[in-house]
Structures are given as C-alpha cells and as structure tokens.
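Chemist: Let me give you the structure first, and then I'll get to my questions.
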Amino acid sequence: MKRRDLALALPAAALLQACASLRPETQPLAGDTLSGRLALRVDTNGEEQPRSVVAAFELQGAPETGRLNLSTPTGQVMAQARWQPGRVLLVTPQGEAPYPSLDALTREVLGESLPVAALFDWLRGRPWPGAGHVAQPAGFRQLGWLVDLARFADDTIVAVRETAPVVTVRVKLDKS
C-alpha cells in the first residue's frame, strides 16, 4: 500500500481505533479559528478508484503560523499539521514527521497539494491576496482552482482544481 493511500485510509482507521487518537494541541495561536466538515476527493483519471477523505477540521492561526486538525466524527484528533516559518510538522498517532513545506506535506499525505495558505481567505469567501484571481459569477478562479461561493450564505464552499487529476474540496463551516 502506498504511503498516500495509507494516509487516506487514516480516517476510517481512526474511527475503528478510538484509542489511537491525538491529544489536541491547546496552545492558542494568533489569528482566527475556522472549523467545520471537510470532504476531499481526488479523481484519478480512471487509473484507479477516486480517493476521498471526510473529516471534521479546525484551521487555526494564519498562513505563516498555524495548525490544521483533522478529527473523527466523535471529535478525536487523528492528524494535525503545524507550521511556522522554517518548520512544517505532521503529527499522527504513529508519530511526528517534518516536511519542507505545507505543499510537500499535503502532496505526500493526500497525493495532491492543497493551497493551505489560500484556504484562510477562501473559507472567508474572498480571494487570497498572495496571488492574482479572476472573478466568476459565483466565486473566483485562483491558483488553478475554481472557488465556488454560490452557497456561501449557507456556510458552504466548494473548490475544484480543474487540472488533472481533478481535486474537489467541499467545506461546510460551523456557524460562528
């Protein structure tokens, strides 16, 4: 089993092994906290079955220094990404692993990179100021992703990377 396939199986394994959860990091971070449910799907061009992950999430801090917790439906943290300038760390029940960047971490764990820095703005319904964007009738295009805000009033955001393999991220934010 490939490492990324194993990482994608982590949510199911975490549900079955409640004792193998992490203690959530409680140190406060500067910046806001966004939380909700996240569904990620990677379509693999028919070469293999689409890969998907569904988890509760909590995104804290800022693009420069932050933390992303992925949890089971019962609230047990099954994986945590932590980052600060010069350091990116993935913490799972199996231990800690350093990465050179958030891009490298998401590419290794999910099989595709996700623009975590941009998510802080996208989840607030606005383009990330770190790159250009093109307005669309119900959202915008940025970094090769179409960010659909048609259901933003219902706290739902959908981002689709349109280049192969297609990656779809659906987020339902918790009410503030």
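Chemist: What list of ³J(HN,Hα) couplings, whole Hz, do you get for the range 91-96 from phi and the Karplus terms 6.51, -1.76, 1.60, once you set θ to phi - 60° and write x for glycine and proline?
Modeler: Here the 3J(HN,Hα) series is 10, 10, x, 7, x, 10 Hz.
Chemist: Related question: Identify the GluC sites (Glu not before Pro) of the range 52-146 meeting these criteria: DSSP loop state and at most 15 other C-beta atoms within 10 Å of the C-beta.
Modeler: Working: sites: Glu58, Glu64, Glu96, Glu108, Glu112; in loops: Glu64, Glu112.
Of the GluC sites (Glu not before Pro), the ones in loops of the range 52-146 whose Cβ has at most 15 other Cβ atoms within 10 Å are Glu64.
Chemist: Could you work out how far the C-alpha centroid of the range 64-100 sits from that of the range 106-147, in angstrom?
Modeler: If you average the Cα positions of each part, the centres end up 20 Å apart.
Chemist: If you don't mind, there's one more thing I want to ask. Quick one: net charge around Pro115, please, counting Lys, Arg +1 and Asp, Glu -1 for every other residue with C-beta under 12 Å from its C-beta. Write out the running numbers ahead of the final one.
Modeler: On the way: positive: Arg107, Arg161; negative: Asp103, Glu112, Asp121.
Net charge around Pro115: -1.
Chemist: Can you list residues whose amide H is under 5 Å from Ala79's amide H, if they're 5+ apart or on another chain and H is modeled 1.01 Å from N?
Modeler: Leu70
Chemist: Apply the Karplus curve 6.51 cos²θ - 1.76 cosθ + 1.60, θ = phi - 60°, to the phi angles in the range 111-124 and return the couplings in whole Hz, x for Gly and Pro.
Modeler: Taking θ as phi minus 60°, the curve returns x, 8, 7, 10, x, 4, 4, 6, 4, 4, 7, 4, 6, 9 Hz for the range 111-124.
Chemist: Pull out the extension gain between Thr33 and Asp154, defined as 0.36 nm times the separation in residues minus the alpha carbon to alpha carbon distance; nm, one decimal. Let's see the in-between values first.
Modeler: Values: separation 121, 0.36 × 121 = 43.56 nm, distance 1.82 nm.
Between Thr33 and Asp154, full extension yields 41.7 nm more.
Chemist: I'd like the Karplus ³J(HN,Hα) series for the range 51-58: coefficients 6.51, -1.76, 1.60, θ = phi - 60°, whole numbers in Hz, and an x wherever there's a Gly or Pro.
Modeler: Result, ordered by residue: 9, 8, 9, 10, 7, 6, 9, 9 Hz.
Since every read-out is calculated from the coordinates, none of them should be taken as a lab result. Fair warning: this is a prediction, and the values are worked out from it, not measured in the lab. Here the Cβ is made from the backbone with ideal geometry for all residues, glycine too, and neighbour counts use every protein chain on show.
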